[in-house]
1. Do you know which residues across the range B:211-239 are part of a helix (DSSP H, G or I), surrounded by fewer than 13 Cβ atoms within 10 Å (Cβ to Cβ) and free of Cβ contacts under 8 Å to residues at least 40 places away in the same chain?
2. Tally up the residues in the range B:181-201 that are under 26 Å from the mean Cα position of the chain (by Cα) and surrounded by fewer than 18 Cβ atoms within 10 Å (Cβ to Cβ), please.
3. So which residues in the range B:166-180 are away from chain A (no Cβ under 14 Å) and either in a helix (DSSP H, G or I) or buried (at least 19 other Cβ atoms within 10 Å of the Cβ) (or both), if there are any at all?
4. So which residues in the range A:240-254 are under 19 Å from A:Pro209 (Cβ atoms), over 30 Å from the mean Cα position of the chain (by Cα) and either part of a loop (DSSP other than H, G, I, E, B) or of a type in the set (Gly, Ala, Ser) (or both)?
5. From the list A:Ile184, A:Ile205, A:Ile157, which residue is touching a residue at least 60 places away in the same chain (Cβ under 8 Å) and within 13 Å of chain B (Cβ to nearest Cβ)?
6. So in the range B:86-106, with the set limited to residues that are in contact (Cβ under 8 Å) with a residue 24 or more places away in the chain and among the polar types (S, T, N, Q), which one is surrounded by the most Cβ atoms within 10 Å (Cβ to Cβ)?
7. Just the residues that are more than 14 Å from A:Pro249 (Cβ to Cβ) and facing chain B (nearest Cβ under 7 Å), please, taken from the range A:187-202.
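The numbers here are math on the coordinates, done by the rules we state, and not lab data. For clarity, every value in this text was computed on a predicted model and none was experimentally measured. Note that we place each Cβ from the backbone using ideal geometry, even for glycine, and neighbour counts take in every protein chain shown.
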Protein chains: 2
Amino acid sequence: MTETRIYTASLILIGNELLSGRTQDKNLTFIAKGLNEIGISMLAAYVIPDVRETIINLLNEVRTKYDYVFTTGGIGPTHDDITTECVAAAFGVGTYVDEETAELLTKRIQARGEIMNPARLRMATFPQGSELLKNEVSAAPGYKLENVFVMAGVPRIMQLMFREAKKHLRGGQIIKSRGAVTDIGEGTIAAPLAELQKRYPMIDIGSYPQMRQNVGFRVSIVLRGTNEHILNRAHEELMGFLHDLGGNPIEEDPQTTQGSAEPEDLK
Amino acid sequence: MTETRIYTASLILIGNELLSGRTQDKNLTFIAKGLNEIGISMLAAYVIPDVRETIINLLNEVRTKYDYVFTTGGIGPTHDDITTECVAAAFGVGTYVDEETAELLTKRIQARGEIMNPARLRMATFPQGSELLKNEVSAAPGYKLENVFVMAGVPRIMQLMFREAKKHLRGGQIIKSRGAVTDIGEGTIAAPLAELQKRYPMIDIGSYPQMRQNVGFRVSIVLRGTNEHILNRAHEELMGFLHDLGGNPIEEDPQTTQGSAEPEDLK
C-alpha cells in the first residue's frame with residue numbers, strides 16, 4: 001500500500017535573539033530536510049518573540065492546521081524560557097515533574113560539583129500528557145504533546161531531539177527533487193520554463209538566481225515531485241532546452257543547502 | 001523632541017526553497033539589525049511558500065498590524081515569481097509598467113546581447129501606487145506600496161533595496177544592547193538573572209547557551225533597552241554577580257550575529 005496523502009508540518013522558532021538579528025537560525029533547514037526525507041512537507045515557519053500570548057495563540061492556530069508542529073527554543077532553566085508553560089496553557093493542561101529526568105539531571109549536575117535548584121528543575125517539568133524526547137547530550141529532554149514537538153534551540157541538542165521525534169512521525173509520499181544550474185539569465189529561460197511547468201503540473205518548478213563567488217550570476221532550477229518517472233522526464237526536457245539555449249546546464253543536487261547570501265555583506 | 005513610541009515591523013520571506021531546506025536564509029538577520037539601528041523592532045517573521053492565497057492573506061493580516069512590512073523573494077521574471085501580483089491583489093489595485101525601468105532594463109539586456117521579452121518586462125511591472133526602490137546592480141527595482149516594502153531574495157540585491165527603503169522609514173527610540181559571556185551554566189545564573197530582570201523591568205534580558213568550537217558550552221547574556229543609563233547599570237550588576245559566582249564573565253557585543261549552529265551537523 002502506498003500512502004498517497006501529503007503530510008504537512010509547520011515550525012515555530014521561538015526567541016527574541018532571532019528577531020533582533022543576534023542569532024542566525026540554522027534549525028529550519030535541518031528540520032525541513034529531515035521532514036522531506038520521510039514524506040512530510042513543511043508549509044510554514046514562524047519566528048516569534050518570547051511573549052506568552054504570542055506563543056499560545058500561534059500554537060493553537062497551527063496545531064489544528066497542520067499534521068505536525070515543531071518548536072525550537074525556550075525550554076532552558078532561565079526566566080526567558082517560557083515555552084513549556086505556554087504549551088501547557090495552549091492545551092489547557094497542567095505540568096508535572098518527571099522523576100526519572102529530575103534524577104538524571106541531579107546526577108549530572110552533582111557530577112559537575114553543582115547543586116539541583118528550582119531553575120534546573122524546570123528542565124524536568126513538562127505539560128501533562130507529554131512523551132519525552134530524550135537525548136544523550138543534555139539530560140534535559142524535549143517532548144511531544146499530541147502533534148506538537150517541543151525541542152531545544154541549540155542545534156546540536158535539537159538535532160538529537162528531532163531524531164527521537166522522527167520515531168513518532170508518519171509521513172506520506174516522499175517528494176524527490178532534481179536540479180540544474182545554468183549560466184544564462186532567468187529572463188531567457190522564463191518562457192520555456194513556464195511551458196515546462198504547464199506540461200508538468202505535478203512537478204513543482206522553482207528558479208533561483210544567485211551570485212556565486214568567482215563565477216558570478218548563475219540560475220539554479222529545482223524540480224520537485226513524488227513521481228520519480230515523471231520527475232526524470234521533466235528533468236530531461238529541462239536539460240535539453242537549457243542546452244539548446246546555450247546555457248551550459250550542469251546537473252545539481254537540490255538537497256544540498258545553498259547559502260542565499262554571499263560571504264561578505266555589502267558595505 | 002525624543003520619539004518615544006515603539007515602531008514595529010514584520011518580515012515575510014517568500015519561497016518554496018526556504019521551506020524545503022534548499023536555501024539557507026540570511027536576509028532576516030540583516031534586515032533585523034538594519035531596523036534596530038533606526039529604532040524599529042521586528043516582532044515577527046514568516047517563511048511561506050509561493051502560493052497565491054497564502055501570500056495575499058498574510059499580507060493583509062500583517063500590514064494593518066505592524067507599522068512596516070518587508071517581503072523578500074518572488075519578484076524575478078519566472079513563473080514562480082508571483083509576489084507582485086499578490087501585493088496588487090492584497091491592496092486591490094492593478095499593475096502598471098514603469099517606462100523608465102523598462103528602458104533601463106532593455107538597455108542592460110541588449111548590452112548583454114539579449115532581447116527584451118514579456119518575462120523580463122514583468123520586472124518593470126508594479127502595483128499601482130508603488131514608489132520604486134532602485135538599485136545599481138540589477139536594474140530591476142524593489143518597491144514600496146503604503147507600508148509594505150517588496151524586495152528581492154538575492155541578498156546582495158535585497159541589501160541595496162533595503163538601503164533605499166530606509167529613506168522611507170521612520171523609527172522611534174533605538175534599542176541599545178550590551179552583553180556578556182560566561183562559562184558557568186544557565187542553572188547557576190537563573191535565579192540571580194531572574195532577580196535582575198525583576199529589578200529592571202525596562203530591560204529585556206535573554207540567556208543563550210551555545211556550544212562553541214574548542215571551548216565547549218558557554219552562556220551569552222544579552223540586555224536590551226532604550227535607556228542607556230539604566231542599561232549600563234543593569235550590565236554592571238550582571239558582570240558583578242557573574243564574577244561573584246566564579247563565572248569569568250567577559251563583555252560581548254550582542255550586535256554581532258552568532259551562528260546558533262555548530263560547524264558540523266551531527267551524524
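1. Scanning the range B:211-239 gives B:His229, B:Glu236.
2. Total satisfying the criteria: 1.
3. Narrowing the range B:166-180 to residues away from chain A (no Cβ under 14 Å): B:167-173.
Correct list: B:Lys167, B:His168, B:Leu169, B:Gly171.
4. A:Leu245, A:Gly246, A:Gly247, A:Asn248
5. Details: A:Ile205 fails: touching a residue at least 60 places away in the same chain (Cβ under 8 Å); A:Ile157 fails: touching a residue at least 60 places away in the same chain (Cβ under 8 Å).
Going through A:Ile184, A:Ile205, A:Ile157 in turn, just one is touching a residue at least 60 places away in the same chain (Cβ under 8 Å) and within 13 Å of chain B (Cβ to nearest Cβ): A:Ile184.
6. The extreme case among them is B:Thr101.
7. Of all residues in the range A:187-202, those more than 14 Å from A:Pro249 (Cβ to Cβ) come to A:187, A:190-191, A:194-195, A:197-202.
Answer for the range A:187-202, where residues must be more than 14 Å from A:Pro249 (Cβ to Cβ) and facing chain B (nearest Cβ under 7 Å): A:Gly187, A:Ala190, A:Ala191, A:Ala194, A:Gln197.
Yes/no per residue for (1) in a helix (DSSP H, G or I); (2) β-branched (Val, Ile, Thr); (3) within 12 Å of another protein chain (Cβ to nearest Cβ):
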{"residue": "A:Leu28", "(1), (2), (3)": "yes, no, yes"}
{"residue": "A:Ala32", "(1), (2), (3)": "yes, no, yes"}
{"residue": "A:Leu43", "(1), (2), (3)": "no, no, yes"}
{"residue": "A:Asp50", "(1), (2), (3)": "no, no, yes"}
{"residue": "A:Asn57", "(1), (2), (3)": "yes, no, yes"}
{"residue": "A:Glu103", "(1), (2), (3)": "yes, no, no"}
